[in-house]
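Each remark here refers to the structure printed beneath this line.
The values are calculated or read from the model by the stated rules, or taken from the named source; none is laboratory data. Since we're looking at a predicted model, the values are computed, not measured. Glycine gets a Cβ as well: all are built from the backbone with ideal geometry, and neighbour counts include every protein chain shown. Please note that ligands, DNA and RNA were not included when accessible areas were found on the heavy atoms of the full protein model with its side chains. Shrake-Rupley method; radii C 1.70, N 1.55, O 1.52, S 1.80 Å.
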Amino acid sequence: MPYDKAIEVIGLHKVFKLGQVELPVLCDVNLNIYSGEFISIMGASGSGKSTLLYLIGGLDNPTSGQIKIKGKSISSMKDKEASSMRRKDIGFIFQFYNLIPNLNVEENIMLSLLLDGKREKFYKKELDEIIHIVGLESRMKHKPRELSGGEQQRVAIARALINSPDIILADEPIGNLDSKTGTDIMNLLQRINREKGKTIIQVTHSMESVKYGDRIVKIKDGIVLS
Ligand SMILES: Nc1ncnc2c1ncn2[C@@H]1O[C@H](COP(=O)(O)OP(=O)(O)OP(=O)(O)O)[C@@H](O)[C@H]1O
Ligand SMILES: [Mg+2]
């Protein structure tokens, strides 16, 4: 049975410009990710992993090349369409969490749903479920600065999963968690992948996390090796 492509990366280049200096970070990246796959991206620090994930998530624009999500080129979308797709179809777990400082745990998790005009009370069950899984029941009213690093990471994970997006992009999702919580989160991601058929791309440095995925994509100096 032919798989649907969830994500297509075609001839992708990214060059950062800092004044007169050009810093090439991604060089002709081509990648097909099929619906329901769980991919692990590995590579040294500075090799371009987060940059690639940002581009796939439509959070930054390529210098050249294309990204297609479910067959549709992100760059050809209008801003409004692109941001709606980011909220509905893509859950992003950021390497440095990117929580909103003035919002508490519950508000941070619910933000994208509220932005989409969803009523919080209709998501109470999902919220309770995800809060239980990440173990933050007693931290719901805390602001990010009142949380430990690992707790902030768990909020970021809950926020990415709450509206059940088809594609989950996770940048070192368990980098700051203890091994028990990390294993719980990896099991959760694996379950979401297997039972709900969600497509997952994780960036990781750990061989332990890689075991949960189906395929490794290695990146070196902005070039995809395999
Ligand atoms: N906005 C930016 N402007 C200029 N240079 C950038 C920018 N973002 C990233 N870079 C540079 O691009 C390179 C790749 O960065 P990236 O964050 O993708 O690396 P990474 O593979 O995720 O590394 P790590 O494992 O440390 O998270 C780095 O050398 C970084 O300094
Ligand atoms: Mg990174």
Among (1) in contact with a Pro (Cβ under 6 Å, 6 or more places away or on another chain); (2) charged (D, E, K, R); (3) under 23 Å from His13 (Cα atoms), Asp89 falls short only on (3)
Can you find, within segment 193-209, the residue that is nearest to ligand 1 (Cβ to nearest atom) among those that are surrounded by 17 or more Cβ atoms within 10 Å (Cβ to Cβ) and in a helix (DSSP H, G or I)? Ser209
Among the listed residues Gln153, Gln190, identify the single one that is surrounded by fewer than 21 Cβ atoms within 10 Å (Cβ to Cβ) and touching a Phe, Trp or Tyr at 6+ places or on another chain (Cβ under 8 Å). Gln190
Test His132 against the stated conditions and say whether it is of a type outside the set (A, V, I, L, M, F, W, C) and within 16 Å of ligand 1 (Cβ to nearest atom). no
Return the total of residues in segment 160-175 being part of a loop (DSSP other than H, G, I, E, B), closer than 18 Å to Tyr54 by Cβ and within 16 Å of ligand 2 (Cβ to nearest atom). 3
Take the residues in segment 21-33 that are more than 16 Å from ligand 2 (Cβ to nearest atom) and open to solvent by 70 Å² or more (accessible area, probe 1.4 Å), then tell me which one is farthest from Lys49 (Cα to Cα). Val21
Which count do you get for residues in segment 34-51 that are away from ligand 2 (no atom under 16 Å from the Cβ) and either open to solvent by less than 50 Å² (accessible area, probe 1.4 Å) or not in a strand (DSSP E or B) (or both)? 4
For segment 87-98, state whether one or more residues are within 16 Å of ligand 2 (Cβ to nearest atom), within 17 Å of the chain's Cα centre (by Cα), touching a residue at least 60 places away in the same chain (Cβ under 8 Å) and open to solvent by 40 Å² or more (accessible area, probe 1.4 Å). yes
Among (1) at pLDDT 90 or above; (2) open to solvent by 20 Å² or more (accessible area, probe 1.4 Å); (3) over 23 Å from Asp214 (Cβ atoms) - the single one Ile109 does not satisfy: (2)
State which residue is farthest from the chain's Cα centre (by Cα) when the search covers only segment 52-73 and only residues that are assigned to a helix (DSSP H, G or I) and either surrounded by fewer than 21 Cβ atoms within 10 Å (Cβ to Cβ) or in contact (Cβ under 8 Å) with a residue 60 or more places away in the chain (or both). Leu52
For Gly222, all conditions in the list (1) open to solvent by less than 10 Å² (accessible area, probe 1.4 Å); (2) at negative phi; (3) touching a Gly at 6+ places or on another chain (Cβ under 7 Å); (4) within 16 Å of ligand 2 (Cβ to nearest atom) hold save one; what is the number of the exception? (2)
